[in-house]
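The values are calculated or read from the model by the stated rules, or taken from the named source; none is laboratory data. Keep in mind that what you see is a predicted model, and the values were worked out from it rather than measured. All Cβ positions, even for glycine, are placed from backbone atoms using ideal geometry, and neighbour counts span all protein chains on display. With ligands, DNA and RNA removed, areas are computed over all heavy atoms of the protein, side chains included. Shrake-Rupley method; radii C 1.70, N 1.55, O 1.52, S 1.80 Å.
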Amino acid sequence: MFGKYFSRKNENFYLPGEEIKIDKSFSFMNYTCERDPLATCKNRVSFAILMFALVFMVLAGRLFDICISFDRPEISVAEADRFYALPENPIKRADIVDRNGTIIATSLPTVHLYANPQKIINPQKAAMELARILPDIRYEDILSKLNKRGSFVYIKRNLSPSQQYQINALGIPGLEFEDSEKRIYPHKNLFAHLIGTTNIDNVGISGLEKKLDTRLRESDIPLKLSIDAGVQDTIRQELKAGIEKFHALGGAAILMDTNTAEVIAMVSLPDYDPNRPIKASDRATFNFATKGLYEPGSVLKVFNAALGLEKGHIRLTDRFDATKPLKLRYNVIKDYRGENRWLDLQEILIYSSNIGSAQIALQVGKQKQQEFLDGLGLFAPIDDFEVAEKASPILPRRWGESSTATIAYGYGLSVTPLHLATAFSAVVNGGIYHTPSVILHDKANEGRRVMSLKTSKEMRNLLRGVVVEGSGKRANVLGYEVAGKTGTANKLVNGRYVNKKVMTSFLGTFPASNPQYTLMLMMDEPQPLKETWGFVTSGWNTVPTAGNIIRAIAPQLNVKANYDLDEMRRKRIIEAVYER
């Protein structure tokens, strides 16, 4: 049957007109090897379809083998890096971000313009063209560089894209560009002292940029801080407003997590814009929060009271004679606007009695006083803190009876605000000292115990009383249960203490029943105002400023206000009055 398709003997015979008829039925008769144009076309189309089907079957099989089959060959890390390597990051210095991911410091690609004077054909014309494009550089300065004998000289660093384009368009031989990067601080003054800055070669020269320079240069992973940019901005605004209102020379503020010593905000005023050059001698470059040593005054009474309770030498009910000045061998200790009566420990803190505090210290003794304060970190620099600028406390050269007494109320020992905030946190958080940090860690360090939980709880109640009934009243923000202590110390000028030149401080925590945050605030030489009745003590300037700060940042920190506590306290006071 098949022979007729391949034999020329059985040729089909067509009658006139039959050769143009088309058989529409699909049969093997249509696929002949005869030299019929229609049959040939059908054969070729069928062959093409068959080939396409085979190709698609091969592709489908391979796709199944690659995507679905589990028998895939193992690829080494080196091979994966070779085949899937990402392009190299042109930025060499890592970003710095706050705890919420907000960029605090970043680097942008830029170029430097340099010249090979030996290749410059017409230095005068080149200098004239460059002076036109770079108006901040004088023609004479550019010409002087282009006439040098060497083969390399920088003309200008950190060109803008427009300047680079215009200079490149000049087509002057000998002018070349060098790829680089420029450090940018989007928030300008806000983190100036904390972050610091870099030099023209993008190397850290101050602040965190200097301390962690190696980490920032060797890794492109952003460095995450414990700082909250929003809280930092709020504190800076309130502190600046307080400094301007009381005409102070400057000030500093630190907000710290009481239980971990992580720094949430750190401000020192005056400050500067790290994006602009500034003289190193300018006071604005001085970070008072970590480097400013000063005698803090009565805030040290917090540690003195904790010392007496912890060592067991005094009890809450003990009373001390403050009816007259305390006379020592080389010193006479007096109270500022004293009560002139016997005082218990609560009253010593509320009325800030120097006489009572000195008696406590003398009763405990020099050796135990030194051991306790040293345990709170008040005798050594905080080397592990990540900011480069830090100071070492100044201790008395001769620690005798007089030093033991004066340190009890804040004179004779000079420390920084960072020392005070860290030690105060240990007093109120249950007695655990943590090394302060500005880096956000996944797990807080365990710390070390410096006092008992019992002493810490007693101190919280005592310090709450200072804010409710004492010199800290203007920081008593309703609902947030603030506890703390004020301090005012005369400044030492030319070896003598000056009355109207003072450093005022406030150390506080909130909420007192379960401390979460520690606030350290200080002002340098606040001036008397009509509304302060001529007083310059802490209760009239630093304390109300601290109150404004707590009132503003507590909602930002999601600290829930509890107004029932204040209402309950008022009821207890009324009941106590009627019981008498």
Taking a straight Cα-to-Cα line shorter than 18 Å from residue 485, and setting aside same-chain lysines fewer than 8 residues away, one finds 301, 457, 473
Note on segment 126-189: the mean projected area of its alpha-carbon convex hull, in nm², is 5.5 nm²
Among [x] 26.7; [y] 55.0; [z] 33.8, the value of mean projected area of the Cα convex hull in nm² computed for this structure carries the label [y]
Share of accessible surface on carbon and sulfur in the chain, whole %, 1.4 Å probe and ligands ignored, is 54 percent
Treating only Lys and Arg (+1) and Asp and Glu (-1) as charged, each at its beta carbon, one finds that segment 420-462 has a dipole about its Cα centre, in Debye to the nearest 20, of 160 debye
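Please list, by residue number, every one of the chymotrypsin sites (Phe, Trp or Tyr not before Pro) in segment 123-219 that is coil in DSSP and has at most 13 other beta-carbon atoms within 10 Å. Spell out each step's value before the answer.
Values: sites: 139, 152, 154, 165, 177, 191; in loops: 152.
Sparse-neighbourhood loop chymotrypsin sites (Phe, Trp or Tyr not before Pro): 152.
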With -39,500 (n - 2.57) per DSSP H segment of 4 or more residues and division by the full residue count of the chain, the 222 nm estimate, nearest 500 deg cm²/dmol, is -11000 deg cm²/dmol
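In nm, what is the difference between 0.36 nm times the number of residues separating residue 139 and residue 323 and their Cα-Cα distance?
Fully extending the segment from residue 139 to residue 323 adds 58.4 nm.
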Among 165, 540, 421, the residue whose Cα sits farthest towards the positive end of the charge dipole of the chain, when +1 is placed on the Cβ of each Lys and Arg and -1 on the Cβ of each Asp and Glu, is 540
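Given C-alpha coordinates of segment 98-163, what is the ratio Rg to Rh with the Kirkwood estimate of Rh? Intermediate results must be reported in sequence, preceding the final value.
Details: Rg = 16.3 Å, Rh = 13.6 Å.
Here Rg/Rh amounts to 1.20.
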Filtering trypsin sites (Lys or Arg not before Pro) in segment 364-458 by DSSP loop and by at most 16 other Cβ atoms within 10 Å leaves 397, 398, 443
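Net charge near residue 102: determine it from the other residues with C-beta under 13 Å of the C-beta of residue 102, scoring Lys and Arg +1 and Asp and Glu -1. Intermediate values should be presented prior to the final figure.
Details: positive: 99, 224; negative: 95, 98, 228, 233.
Every neighbour counted, the sum reads -2.
Please give the per residue accessible area of the chain, computed with a probe of 1.4 Å over protein heavy atoms only, in Å².
Values: 31750 Å² over 580 residues.
I get 55 Å² per residue for the chain.
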Once both label points are put 7 Å beyond Cα along the C-beta direction, the residue 334-residue 491 separation in nm becomes 2.3 nm
Given a Förster distance of 41 Å, the FRET efficiency implied by the Cβ-Cβ spacing of residue 276 and residue 535, rounded to the nearest 0.05, works out to 0.60
Residue separation between residue 392 and residue 560 times 0.36 nm, minus their alpha-carbon distance, gives in nm 56.7 nm
